[in-house]
1. If R0 is 30 Å, what FRET efficiency do you get for ALA17 and GLU38 from their C-beta distance, rounded to 0.05?
2. If I take R0 = 25 Å and measure r between the Cβ atoms of ARG479 and ARG204 in this structure, what FRET efficiency does the formula 1/(1 + (r/R0)^6) give, to the nearest 0.05?
3. With +1 assigned to the C-beta of every Lys and Arg and -1 to the C-beta of every Asp and Glu, and no other charges, what is the dipole magnitude of region 190-329 about the Cα centre in debye, to the nearest 20?
4. For LYS158, list the lysines whose Cα falls under 28 Å from its own Cα; do not include residues on the same chain fewer than 8 positions away.
5. Which residue, THR324, ASN309, THR299, has the largest displacement toward the positive end of the dipole of region 219-333 when charges sit on each Cβ (Lys, Arg +1; Asp, Glu -1)?
6. With labels modelled as points extended 7 Å from the Cα through the Cβ direction, what inter-label distance (nm, one decimal) is found for ARG169 paired with ARG252?
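Readers should treat all values here as calculations from the given coordinates under stated rules, not as data from a laboratory. Because the structure is a prediction, the values reported are computed rather than measured. Please note: Cβ atoms are built from the backbone with ideal geometry, for glycine as well, and neighbour counts cover all protein chains shown.
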Amino acid sequence: MNATSLGYLLLAVALIALNGFFVLAEFALVKVRATRIEELARQKHRRAIRARQLVLHLDQSLAATQLGITLASLGLGWVGEPAFASLLTPLLGRMEAWSPALRHTLALGLAFAIITFLHILLGELAPKSLAIRRPEQCALAIAYPLQWATWLFYGPMKLLNGASDLVLRLVGLGNASPEIAHTEHELRSLLTTAETTREFPLDRVLMLENIFDLGQQTVRDAMIPWSEVSCLRQILSYREVLEQIAARHFSRWPVLEQDGVPRSYLLAKDLLLPGTVNDWGAACRPLAAVSPEDHLEVTLRRLQKAGGNLAVVVEHGRPQGLITLEDILEEIVGRIEDEYPRLPKSTLRDVVQAGGIVLDMEAESPGMAIDEMSSVLFLDDPTLLTQLRKQLLPLGEQPLRRLGPETAIRLVRVAGVQRPRIVFGRLIAGLAIDDVPDEPVRLLFLVVTPLERPHIQVALLQQLEAVIDSDFLRERLLRASTSAAVLEIFNSADAAATG
């Protein structure tokens with residue numbers, strides 16, 4: 001091999017590597033999450049700061065990668081065939097029966113095949129796959145070299161971008177489209193993906209989903225019915241007011257006027273202010289009024305702005321209920337218990353008993369398992385059962401959400417359901433539900449809750465996690481031989497579910 005052939009060969013290898021670099025950079029910049037690069041840049045990560053500039057000026061960055069790929073590919077086509085043909089010609093020279101023209105043609109053909117193979121493998125597919133699998137690391141690695149290439153190609157890119165814009169204007173596509181923001185559906189999908197890949201806890205995903213739902217929920221969905229509201233009357237004496245507060249422990253009391261409508265409320269601690277013994281009504285504060293059809297999101301902002309924690313729900317001039325900041329927050333985070341809970345608790349055992357228990361299932365897929373579990377629900381109400389299965393059908397074979405070791409959950413909200421139900425299922429053989437085949441699932445929970453009360457999912461999830469986090473209780477669930485034994489395990493967990 002002479003010096004010229006060796007030079008061609010080394011140049012061909014360098015051009016393949018250069019092509020691979022620009023392909024790596026192109027896919028890394030497109031695939032990497034801009035928010036993650038921004039987060040690293042705020043932490044003063046030097047490469048992230050440079051990568052952020054490349055992502056912010058993505059058109060210019062991609063133009064540099066495309067120009068680099070084109071130049072490297074053209075250069076490889078120029079030197080690649082001679083480099084490899086010079087290696088193959090001596091080998092084919094031993095074929096003395098073949099004519100020199102045939103041997104030269106075969107050498108060029110083999111050289112073209114080899115350079116094409118190496119170009120596609122090392123210059124295209126391998127760097128592309130690496131960038132897709134490790135976008136963040138790749139984007140940080142190429143940040144400085146690509147920035148230098150962008151500066152180097154500035155003149156040609158300016159000319160090419162101008163020519164490209166001219167062509168687009170000629171076909172009526174001159175104005176750049178603004179960046180399209182994520183829709184609510186896309187954000188929900190992103191949250192589900194993050195939870196499925198274990199980057200986001202399930203309870204946090206549910207709370208964020210409940211925030212999205214807040215815009216569609218009305219005050220009627222979260223209010224306390226007026227029949228369950230305790231009130232004070234203006235005609236009561238100071239002592240009678242103290243007696244009622246001591247009996248019920250509430251801190252805020254709507255005060256009924258003579259027409260039976262509350263227009264103010266009493267904060268219990270205001271009774272300690274001077275002068276309230278003789279005129280406790282002077283300590284009352286204005287009570288906001290809202291409609292049952294007002295959206296919770298709007299009502300939340302109104303209560304925050306007004307500085308009050310509650311409002312009376314009025315329809316056709318008559319009180320229908322009471323709504324508090326706590327009621328609205330519970331729609332997001334689940335039940336908030338204070339020192340004097342106003343609602344009775346129901347045990348997790350009761351919620352499971354209301355649903356059902358299916359032991360020793362032989363289902364071969366998540367969809368088959370959930371279908372078998374749903375068959376034990378609403379046996380006395382075929383309409384609700386049909387509605388449940390209609391909602392489960394689109395979910396199909398979508399991945400179940402992992403709840404813990406060997407445990408997964410499917411959450412469904414159904415209109416018309418009055419109280420939550422949980423179906424507990426146990427598989428004879430484990431099911432692979434995600435990309436972790438060495439962690440098969442044997443315990444399944446189908447949680448069905450009222451459509452109008454999304455916070456119930458969060459509350460039930462917290463209770464189930466408390467059970468599954470216990471190795472002792474989980475092992476007992478895996479070994480329980482009867483439904484009664486399963487119910488006893490939930491009973492012994494001493495966990496409360498929302499009612």
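1. With R0 = 30 Å, the Cβ-Cβ based efficiency is 0.50.
2. Rounded to the nearest 0.05, the efficiency is 0.20.
3. 460 debye
4. Within the straight-line limit of under 28 Å, LYS158 reaches these lysines: LYS31, LYS128.
5. ASN309
6. 6.1 nm
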